[in-house]
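Asks: Below is a structure I'd like to ask you about.
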Amino acid sequence: MKYTTTVIPAILLLIPTHAFPQPPPGPTPAWQISLYQNKRCTGETTFFYGNATLPCHDAILNGGALGYIVEINNRSNCTVQFSDDTSCNRTIGVVGAGAGLTGCRAPDVQGVEGADAQIRRFSVNC
């Protein structure tokens, strides 16, 4: 009997139990951008997010992207502008809150059939 009363409590001490509370979810960022190396938005992703304006930014994997997914919080007034040059002067796409654009998108090159516009830089205005 003594064996049972000492072994069972010792075994119970070996079973790990954790009762930590779940951390509260963080606030939703005002904007999120996922940039991809192809128009199907698959493979390596360069991901950015924030709550404020971000001036002309260029930290894009391999120097440019062909596809993107943008999520803008409906309570923000942020706008994302994509450019195909290094100074954010030649705009190839703009996405704003309430635009209703979801899923994978690619910049549109007007007047050049079959051309792929590469996103070299982007900026966010809030």
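Bear in mind that the values in this text are calculations on the coordinates, not laboratory data. The structure displayed is predicted, hence computed values, not measured ones. Every residue, glycine among them, receives a Cβ derived from its backbone with ideal geometry; neighbour counts consider all protein chains shown.
Asks: Around G50, which amide H atoms from residues at least 5 apart in sequence, or from another chain, sit under 5 Å from its own amide H, with H modelled in the peptide plane?
Replies: A30, W31
Asks: With viscosity set to 0.692 mPa s and temperature to 37 °C, compute the Stokes-Einstein D of the stretch 29-125, Rh being the Kirkwood radius across alpha carbon pairs; µm²/s, no decimals.
Replies: Roughly 247 µm²/s, to the nearest whole number.
Asks: Any idea how far apart N62 and N125 come out in nm if each label point goes 7 Å out from Cα toward Cβ?
Replies: My value for the distance between the label points is 3.1 nm.
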